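Asks: If you scroll down you'll find the structure; I have some questions about it.
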Amino acid sequence: MRTIEWAEEAGAVKLIDQTLLPRECRVVACKTVSGLVDAIKKLRVRGAPALGAAGAFGVVLACKNEKTEAGVKEAVELLKKARPTAVNLSYGVERALNAALLGRTAREREERALAEARRIAEEDVAANKKIGEFGSELLEDGDVVLTHCNAGRLACVDWGTALGVVRSAVAAGKRVEVIACETRPLNQGSRLTAWELLQDGIPVTLISDSASASLMRAGKVDKVLVGADRVVKEGVLNKIGTYSHAVAAKEHGIPFFVAAPLTSFDLERSYREVEIEERSAEELIFFGGEQVAPLEVRVFNPAFDFTPFELVAAVVTEEGVKWTRRKKS
Ligand code: MRU
């Protein structure tokens, strides 16, 4: 199934629970806004485009469960605040909410929200396919591509952005290998990217995050390709660790590409205005349930970082490849 979709019979949002991968691929259903907010906060559903769809389907749940317009508006505020950095979440919520509010009755609001949420989901798949088409031109036969976090089908409704580019290149007959950085602390690279590429039979090698620069130095990386949670006027916000790969790539003359749909763009805003989500200390103090740091240690655990355009060779969107002006920010 897709990463996230509406289940008509259940009147619920169905999603692949990404916290259980790669051990188990289980689909869970959320019937309430609070259930979906919890799923978003716990990263059962995650990745910017998937969060856009989650936000939109969440509005359908709000319309289903809240009989008044005021109730719907209040419920969707919780959705928008569930995670702050990826712009897609508020985009999806607002688009579905605006559509819903054109309805006069609770039933009409629900129908309109559902139609809009489904449109958002379809548009995401179509955008990713176009990103794949344009982006695959950047990859050559035999390329080894380093990626960080998971910008694959699990991060989107389907196909993927950065991994969508790889998929499209492979579908076009190119031999492409991926180096997946594990992406501590939540391991989206080792748990999700490695899993979904293996499912598709695309060669993938898992490395620790700290191995990336030395692999680049050894000439083992041809290109770096990542997704984005938000593209702002001076650069790109993405999973913590992305900036280190970009700095290392520049040092070694390796092109650093970003693949993102226009729904992740927020060009009016500076990175300084965007809230970088800080996650709990437990994510660093415990690993797989085992304590790996003193309980009383001070922890700083930002989930995202900022990479300026001067380190980015090009951004691939559904409208084509935009080569960046390498200005300082
Ligand atoms: O915390 P996550 O797993 O939601 O972070 C996801 C990322 O940083 C992805 O790289 C980004 O959303 C791009 S998804 C196509």
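Asks: Is one or more of the residues making up the stretch 258-270 in contact with a His (Cβ under 9 Å, 6 or more places away or on another chain), within 21 Å of residue 158 (Cβ to Cβ) and modelled with pLDDT of 95 or more?
Replies: No; the residues of the stretch 258-270 include none that is in contact with a His (Cβ under 9 Å, 6 or more places away or on another chain), within 21 Å of residue 158 (Cβ to Cβ) and modelled with pLDDT of 95 or more.
Asks: Given the structure, is residue 141 acidic (Asp, Glu), at pLDDT 95 or above and surrounded by fewer than 18 Cβ atoms within 10 Å (Cβ to Cβ)?
Replies: yes
Asks: Same structure, new question: Report yes if residue 45 is closer than 25 Å to residue 228 by Cα, outside the structural domain of residue 188 (by TED's automatic domain parsing) and of a type outside the set (Lys, Arg), otherwise no.
Replies: yes
Asks: If you don't mind, another one. If a residue must be over 18 Å from residue 93 (Cβ atoms), more than 15 Å from the ligand (Cβ to nearest atom) and part of a strand (DSSP E or B), how many such residues does the stretch 3-59 contain?
Replies: 5
Asks: Can you pull out the residues in the stretch 147-161 that are over 10 Å from the mean Cα position of the chain (by Cα) and assigned to a strand (DSSP E or B)?
Replies: Selection gives 147 alone.
Asks: For the structure I just gave you, tell me whether residue 121 is crowded, with 19+ Cβ neighbours inside 10 Å, within 16 Å of the ligand (Cβ to nearest atom) and part of a helix (DSSP H, G or I).
Replies: yes
Asks: If you don't mind, there's one more thing I want to ask. Please specify each residue of the stretch 60-80 satisfying the condition of being touching a residue at least 40 places away in the same chain (Cβ under 8 Å) and within 16 Å of the ligand (Cβ to nearest atom).
Replies: Residue satisfying the conditions is 79 alone.
The rows are residues; the columns are (1) more than 14 Å from the ligand (Cβ to nearest atom); (2) buried (at least 18 other Cβ atoms within 10 Å of the Cβ); (3) free of Cβ contacts under 8 Å to residues at least 40 places away in the same chain.
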| residue | (1), (2), (3) |
| --- | --- |
| 226 | no, yes, no |
| 240 | no, yes, no |
| 260 | no, yes, no |
| 264 | no, yes, no |
| 270 | yes, no, yes |
| 280 | no, no, yes |
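Asks: Any idea which of 162, 155 is in the same structural domain as residue 201 (by TED's automatic domain parsing), within 14 Å of residue 46 (Cβ to Cβ) and in contact (Cβ under 8 Å) with a residue 40 or more places away in the chain?
Replies: Numbers: 162 fails: within 14 Å of residue 46 (Cβ to Cβ).
So the residue among 162, 155 that is in the same structural domain as residue 201 (by TED's automatic domain parsing), within 14 Å of residue 46 (Cβ to Cβ) and in contact (Cβ under 8 Å) with a residue 40 or more places away in the chain is 155.
Asks: Follow-up. Looking only at residues in the stretch 180-214 that are crowded, with 23+ Cβ neighbours inside 10 Å and either among the small types (Gly, Ala, Ser) or touching a Ser or Thr at 6+ places or on another chain (Cβ under 9 Å) (or both), which one is nearest to residue 14 (Cα to Cα)?
Replies: If we take residues in the stretch 180-214 being crowded, with 23+ Cβ neighbours inside 10 Å and either among the small types (Gly, Ala, Ser) or touching a Ser or Thr at 6+ places or on another chain (Cβ under 9 Å) (or both), then 192 is nearest to residue 14 (Cα to Cα).
The values are calculated or read from the model by the stated rules, or taken from the named source; none is laboratory data. Since the structure is predicted, the reported quantities are computational estimates derived from the model, not experimental observations. So basically every Cβ, Gly included, is an ideal-geometry build from the backbone, and we count neighbours across all protein chains shown.
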